[in-house]
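Note sheet for the following structure.
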Amino acid sequence: MALALALAFAFAGACRSDPRGPTLDASSALAEGIDAASRLDAAPPLAWPALPRTLEAQRALISSCTLRDVSGAPDGGTEVSLDALARRSLARLDYAIAGEAAIRGWLDAWLARAGARDAYVLVGTHHDSGAQVRAFRALVRRPTRLTDVALEHLVADGRWGGLAEDAQRADGADLRAFLERGDLGALDRLARAHAAHDYTAWKFGYERDVLDIVLAARATGQRVLPCDMSSKVREALVGGGDGASDEVLRLRELHCLRALQDAAPGGPRRIAILWGHDHARPRGFARFLPPDTAVLRVHLFGARVLATPALDGSRGIVLNDAVLVAGTDAPAPTEVALFLPDEPTRGDVDRVRRAPEAAAATPEVRASSAAPGTLSLTPVGSDEPRATRTLRLGRDEVAATVGEGAHTYVLRSGGVTVVGGLSLARGERATLAFDGARRMTRLELEVRP
């Protein structure tokens, strides 16, 4: 115990200070006649601690650097399991946001509410799913309020004390060379390094999906940052051979945070990080962030090679689009679930598009159902339940006017719940024909050219 206390005291200076170094608020900046953002960008790099060489030292450093509650429950209880989170979210589909564009817009609105604070979007995935990596790419693609995207799949340079600098060099230089100058040799080296480092991407065949995030970033001027700890650094840790012990997982997260602070010293940061679910839980990366940092944990489900136990009981749920469930604490949730259509949830959608028959003052939705049911239409971004329109459906078409923009529709009919999204502008119309028993939806859009 005495040794652990001594180690915690020794490590305290490495983590208890402001993670961005010297800061300058807006009023002081005006008084001094300088730009606060420039001052932050010019802040000296934060010192890295010595690499902890014993299990006691690892635990002491993690404890010293933990700045937030790790329980994940507002009442101090235990966080729910991922399966429980998925089941609970599937029971709250009235709070769903459906469709790629609508989900990205919702995320941008969440980032905007962070104001002058740093904001981190921690996206947890299953490592057997390339589709979840592609979903992340769609979630963060520009235009977006994000300043940076970080990937566990790429290895970040380190500056740990007590370890040779050569042993800590990783993907940083090649990643920057490609993103900033389009250096194809650097991209080739990055691809080979990724193939060697990311065993699960190779095993499940989604190496290209990871690199596609880098290619898209080069095309749009987005900054991508590596996040993982190199095998050489891990091998210097007790239990670091497979990188799977709880202490090593936490140190990999601390490595990621320090690397991000080196690469993006200014503020406010708006960073989305892609990695495994465990890192996105409260006990993971978020524990090292100051309490006033805005944190959103996004957990992806579905589209896996292996089974998804949480979705085994979801045969009555039909997803026509990707669906994000924010729960009841919108507009400022801390944990959400993002479901990708897959067996057993994928719906069959026949989409048809044509020019409007005639201009209308407001958008309109027409709907029918092969079996009696109830359809709810909720504008994305609305925080008030009364904004939802509810229609009773049968075989005869029912019409309702709606506002412009994105909407989520939820049909409940004969024990089946169908969820999807649509977006309408002024003078446009959507006609929905549901057959819940056959998991089929016909969506006919009259849209302006």
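Throughout, read-outs are computed from the coordinates displayed, never taken from laboratory work. Note that the structure is a prediction, hence the values are computed from the model and not measured. Every residue, glycine among them, receives a Cβ derived from its backbone with ideal geometry; neighbour counts consider all protein chains shown.
Local charge sum around N320 (other residues, Cβ-Cβ under 10 Å, Lys/Arg +1, Asp/Glu -1)?
After counting each charged neighbour, the total is +1.
Mind computing the radius of gyration and Dmax over the alpha-carbon atoms of segment 196-296? Å is fine for both.
14.6, 41
Rounded to the nearest 0.05, what FRET efficiency do W202 and E235 give with R0 = 22 Å and r taken as the Cβ-Cβ distance? Could you check?
Once the sixth-power term is evaluated, E becomes 0.65.
Determine the gain in length on full extension of the stretch R366-S81; use 0.36 nm per residue of separation and subtract their C-alpha separation, reporting nm with one decimal.
Using 0.36 nm per residue and subtracting the Cα-Cα distance, I get 98.6 nm.
Rank T200, S231, G182 by how far each Cα sits towards the positive end of the charge dipole of segment 181-258 (+1 on Lys, Arg Cβ; -1 on Asp, Glu Cβ) and give me just the farthest.
The one lying farthest along the dipole's positive direction is G182.
How large is the dipole of segment 133-194 about the Cα centre if only Lys and Arg carry +1 and Asp and Glu carry -1, each at its Cβ, rounded to the nearest 20 debye?
Charge dipole of segment 133-194: 420 debye, to the nearest 20.
On each of the three principal axes of the Cα atoms of segment 261-305, give max minus min coordinate, whole Å, ordered largest first.
39, 20, 15
Once you have the Cα-Cα distance between L184 and R442, take 0.36 nm times their residue separation minus that, and quote the gain in nm to one decimal.
88.4 nm
So if I restrict to the alpha-carbon atoms in segment 82-150, what is the Rg, and what is Dmax, the biggest pairwise distance, in Å?
Reported Rg and Dmax, both Å: 13.4, 36.
Note down the net charge around E357, summing +1 for each Lys or Arg and -1 for each Asp or Glu among other residues with Cβ under 9 Å from its Cβ.
The answer is +1.
Which value, in debye to the nearest 20, describes the size of the charge dipole of segment 94-139 about its Cα centre when Lys and Arg Cβ atoms bear +1, Asp and Glu Cβ atoms bear -1, and nothing else is charged?
That gives segment 94-139 a dipole magnitude of about 140 debye.
Where Lys and Arg each count +1 and Asp and Glu each count -1, what net charge lies around L432 among other residues with Cβ under 12 Å from its Cβ?
-1
Amide H neighbours of V402 under 5 Å, at least 5 residues apart or on other chains, H built in the peptide plane: list them.
E364, V365
Can you tell me the FRET efficiency between R113 and D350 if r is taken as the Cβ-Cβ distance and R0 is 25 Å, rounded to the nearest 0.05?
The calculated FRET efficiency here is 0.10.
Give me the one-decimal nm value for the distance between modelled label points at A164 and L306, 7 Å along each residue's Cα-to-Cβ direction.
For A164 paired with L306, the spin-label model returns 3.6 nm.
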